[in-house]
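Shown next, in structure tokens, is the structure this report addresses.
The values are calculated or read from the model by the stated rules, or taken from the named source; none is laboratory data. On a predicted model such as this, the values are computed, not experimentally measured, just so you know. For neighbour counting, all protein chains shown are included, and Cβ atoms are generated from backbone atoms with ideal geometry for every residue, glycine included.
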Amino acid sequence: MKREIEVFDYAGEILRALPTGILVVTQAEECVNAMTIGWGTLGIEWSTKIFTIYIRESRFTYELLERSGEFVISVPYGDQYASKAKKAIGICGSRSGRDNDKIAQAGLTIVDADIVQPPALKELPLTLECRVVFSQQQPIKEISSRFKKFYPTDAEGIGDPHVAYYGEIVKSYIIE
Ligand SMILES: Cc1cc2nc3c(=O)[nH]c(=O)nc-3n(C[C@H](O)[C@H](O)[C@H](O)COP(=O)(O)O)c2cc1C
């Protein structure tokens, strides 16, 4: 069962969970993937509730987002699945979905979303269904020099920038 919530009532739970990791679930055609994120922004723009994620262009998740324009945010919540959620955050933050079915490897249970195509996850029950309304690459040279450490360059001097995906929160709930 899904218990619909007012997402801003859970802002503290969502933002406090971020530094240790929450999941973003994406799907293009039959391919479903979950990736750990530690950066995200909850707020309002265009008089609309928005969750923004920051995805490096090297991630498989980036490819899926470019193809589909939808994502689901899955946040650990409650004690029941805490250890499973922790394990999933480790797996989904250290392997790529290009060559792994991370959802199966983490033993996660897919639950159909109500509005978007990517599924929700039973074991990370605090759920935000999001539709991308704007995206923008963040040019590394325009970011404060204080944060340059986040952008090491490869042998050719090329960094791995983030793309900010602004997701309209079209539905939010806790899976019970
Ligand atoms: C705690 C934690 C937070 C992370 N946060 C982000 C993030 O906000 N953005 C990002 O691009 N990668 C982040 N990563 C790295 C990706 O989760 C990791 O590279 C993952 O394997 C990419 O999966 P994919 O190729 O299936 O998309 C984070 C990893 C961890 C462990």
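Across the range 16-61, what is the number of residues that are more than 7 Å from the ligand (Cβ to nearest atom), in contact (Cβ under 8 Å) with a residue 40 or more places away in the chain and of a type outside the set (A, V, I, L, M, F, W, C)? Summing the residues that are more than 7 Å from the ligand (Cβ to nearest atom), in contact (Cβ under 8 Å) with a residue 40 or more places away in the chain and of a type outside the set (A, V, I, L, M, F, W, C) in the range 16-61 gives 8. Restricting the range 120-134 to residues that are surrounded by fewer than 22 Cβ atoms within 10 Å (Cβ to Cβ) and within 14 Å of the chain's Cα centre (by Cα), the residue that is nearest to the ligand (Cβ to nearest atom) is Val132. Scanning the range 20-40 for residues that are within 10 Å of Ser74 (Cα to Cα) and of a type in the set (S, T, N, Q) returns a single hit, Thr36. Of all residues in the range 77-92, those that are more than 12 Å from Thr20 (Cβ to Cβ) have Cβ atoms under 7 Å from Cβ atoms of residues that are assigned to a helix (DSSP H, G or I) and within 11 Å of the ligand (Cβ to nearest atom), 6 or more apart or on another chain, in Ile91/Lys102; Cys92/Lys102.
Among the candidates Ile91, Ile5, which residue alone is within 13 Å of the ligand (Cβ to nearest atom), within 20 Å of Leu126 (Cα to Cα) and aliphatic (A, V, I, L, M)? Give the steps one after another, and end with the answer.
Numbers: Ile5 fails: within 13 Å of the ligand (Cβ to nearest atom).
None of the other options fit; the residue is Ile91.
So, Ile115, is that one at pLDDT 95 or above, farther than 25 Å from Arg16 by Cβ and away from the ligand (no atom under 14 Å from the Cβ) or not?
Numbers: at pLDDT 95 or above: yes; farther than 25 Å from Arg16 by Cβ: yes; away from the ligand (no atom under 14 Å from the Cβ): yes.
Answer is yes for this residue.
Taking Arg98, is it at pLDDT 95 or above, basic (Lys, Arg) and surrounded by fewer than 17 Cβ atoms within 10 Å (Cβ to Cβ)? The answer is yes for Arg98.
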